[in-house]
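The values are calculated or read from the model by the stated rules, or taken from the named source; none is laboratory data. Bear in mind the structure is a predicted one, so any value in this text is a computation, not a measurement. Glycine also receives a Cβ, built like all others from the backbone with ideal geometry; neighbour counts cover every protein chain displayed. These area figures cover heavy atoms from the full protein model, side chains too; ligands, DNA and RNA do not enter into them. Shrake-Rupley method; radii C 1.70, N 1.55, O 1.52, S 1.80 Å.
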Amino acid sequence: MNMTDGVVDVDGVLLHYRDSGGEDVLGVPVVLVHGMGGDGGTWNTFARTLIRRGRRVVVPDLRGHGRSGRAPSYLFEEFGRDIEALIDHLSLSRVDIVGHSLGGHAATLVAQRRPAVVRKLVVEEAPLPIRPGDAAPSIATKFPSARELLHATTSAIRHPRAVLAFDRSMTSSALAQFRAPDARWWEALQDIDADVLLVVGGPTGMVDRTRLAAMTARLARSRVVAVDSGHSVHRDRADDFDAAVGPFLAAE
């Protein structure tokens, strides 16, 4: 898979990315955003598939992950702004974004703030913030099981340098943010103008079904695909993931 390495400076944090370049068959590049504890390499299989289909693919390492720099803070807003900065850096006027877990949540922030830019949005197994008035989530639903956390960092086997660079200090920050009610995020869902596909796993996944229904009710155009998998559908059930996401991205 021939991809060019690049770096963009976002307020002093150096973000590494890979870009397949070339002309996209639809004229809409696909940005693939990984989850917490991984890096862009988790998307290699799906990226190859998209490139074979003529799509331009851009794959960042989020701040504090992989070859990207560590940061003084890891707010969800900052992860979203980083993706926006990359889009601006590459002068992309229109994109499709596929995000997994933390990357999926960051992708929703981009779609909320840049409705004219994001054409298609795929959110895979992203934990949903609690709403004002919701009961505090149980321990079991605050974050993936230990097995899924191990899966999230499986790139340690394939990309040891990437996981060695993972700044584990962000874990407590992410948990605190997901536990806190976020009325702004819920309200801003109505600003998303993209077609939205929500991919959820099975019983060991992270997505609260009640909040999922509340989310889809606020989106103009969305649908949900459930795959009998764990948290990392695109890795553990690659064919099923592509069967759902591939045609969605290919549609005009």
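Identify all residues within segment 7-66 that are of a type in the set (S, T, N, Q) and more than 19 Å from S93 (Cβ to Cβ); write none if there are none. So that I can check it myself, show each step before the final result.
Kept after step one, since they are of a type in the set (S, T, N, Q), are these residues of segment 7-66: 20, 42, 44-45, 49.
Once the filter is applied, which keeps residues that are of a type in the set (S, T, N, Q) and more than 19 Å from S93 (Cβ to Cβ), segment 7-66 yields T42, N44, T45, T49.
What residue, of V30, V57, V118, is modelled with pLDDT of 95 or more, farther than 21 Å from M3 by Cβ and of a type in the set (A, V, I, L, M)?
V118
Considering each residue of segment 19-46, count those that are outside any helix (DSSP H, G or I) and either in contact with an Asp or Glu (Cβ under 6 Å, 6 or more places away or on another chain) or of a type in the set (D, E) (or both), and give that number.
Selection size over segment 19-46: 6.
Go through segment 214-237 and report how many residues are among the aliphatic types (A, V, I, L, M), surrounded by fewer than 14 Cβ atoms within 10 Å (Cβ to Cβ) and modelled with pLDDT of 95 or more. Talk me through it step by step, then tell me what you get.
Residues of segment 214-237 among the aliphatic types (A, V, I, L, M): 214-215, 217, 219-220, 224-227, 233.
With surrounded by fewer than 14 Cβ atoms within 10 Å (Cβ to Cβ) added as a condition, the list becomes 217, 220.
Still in the list and also modelled with pLDDT of 95 or more: 217.
Final tally of qualifying residues: 1.
So for segment 117-140 (the condition being β-branched (V, I, T) and free of Cβ contacts under 8 Å to residues at least 12 places away in the same chain), does at least one residue qualify?
Yes: segment 117-140 contains one or more residues that are β-branched (V, I, T) and free of Cβ contacts under 8 Å to residues at least 12 places away in the same chain.
R223: charged (D, E, K, R) and assigned to a strand (DSSP E or B), yes or no?
Details: charged (D, E, K, R): yes; assigned to a strand (DSSP E or B): yes.
Considered against the rule, which asks whether it is charged (D, E, K, R) and assigned to a strand (DSSP E or B), R223 comes out as yes.
Look at segment 80-118 and say how many of its residues are open to solvent by less than 20 Å² (accessible area, probe 1.4 Å), assigned to a helix (DSSP H, G or I) and of a type in the set (G, A, S).
Residues meeting the conditions: 6.
Does segment 180-187 contain at least one residue that is at pLDDT below 95, within 17 Å of V123 (Cβ to Cβ) and open to solvent by 20 Å² or more (accessible area, probe 1.4 Å)?
yes
Which of the residues spanning segment 47-60 are surrounded by fewer than 22 Cβ atoms within 10 Å (Cβ to Cβ), touching a residue at least 40 places away in the same chain (Cβ under 8 Å) and part of a helix (DSSP H, G or I)?
If the condition is that a residue be surrounded by fewer than 22 Cβ atoms within 10 Å (Cβ to Cβ), touching a residue at least 40 places away in the same chain (Cβ under 8 Å) and part of a helix (DSSP H, G or I), then R48, T49, I51 are the ones that fit.
Checking A126 against (1) assigned to a helix (DSSP H, G or I); (2) surrounded by 24 or more Cβ atoms within 10 Å (Cβ to Cβ); (3) modelled with pLDDT under 95; (4) aliphatic (A, V, I, L, M), which single condition isn't satisfied?
Failing condition for A126: (1).
Quick check: anything in segment 208-226 acidic (D, E), touching a helix residue (DSSP H, G or I) at 6+ places or on another chain (Cβ under 9 Å) and more than 14 Å from R131 (Cα to Cα)?
The initial filter retains those residues of segment 208-226 that are acidic (D, E), namely 208.
Narrowing the set further to residues that are touching a helix residue (DSSP H, G or I) at 6+ places or on another chain (Cβ under 9 Å) leaves 208.
Checking the rest, the ones that are also more than 14 Å from R131 (Cα to Cα) come to none.
No.
Just give me the residues in segment 5-27 being β-branched (V, I, T) and either crowded, with 17+ Cβ neighbours inside 10 Å or modelled with pLDDT under 95 (or both), in sequence order.
Filtering segment 5-27 down to residues β-branched (V, I, T) leaves 7-8, 10, 13, 25.
Those that are β-branched (V, I, T) and either crowded, with 17+ Cβ neighbours inside 10 Å or modelled with pLDDT under 95 (or both): V8, V10, V13, V25.
Please state which one of L249, L175 is open to solvent by 20 Å² or more (accessible area, probe 1.4 Å) and under 19 Å from the mean Cα position of the chain (by Cα). Before the answer, list the steps.
Values: L249 fails: open to solvent by 20 Å² or more (accessible area, probe 1.4 Å).
Testing whether each residue is open to solvent by 20 Å² or more (accessible area, probe 1.4 Å) and under 19 Å from the mean Cα position of the chain (by Cα) leaves just L175.
Condition first: of a type in the set (D, E) and touching a residue at least 12 places away in the same chain (Cβ under 8 Å). Now tell me which residues in segment 228-246 satisfy that.
Matches in segment 228-246: D228, D236, D240, D242.
Filter segment 190-209 down to the residues that are open to solvent by 50 Å² or more (accessible area, probe 1.4 Å) and touching a strand residue (DSSP E or B) at 6+ places or on another chain (Cβ under 9 Å), then identify the one that is nearest to R94 (Cα to Cα).
Here the answer is D193.
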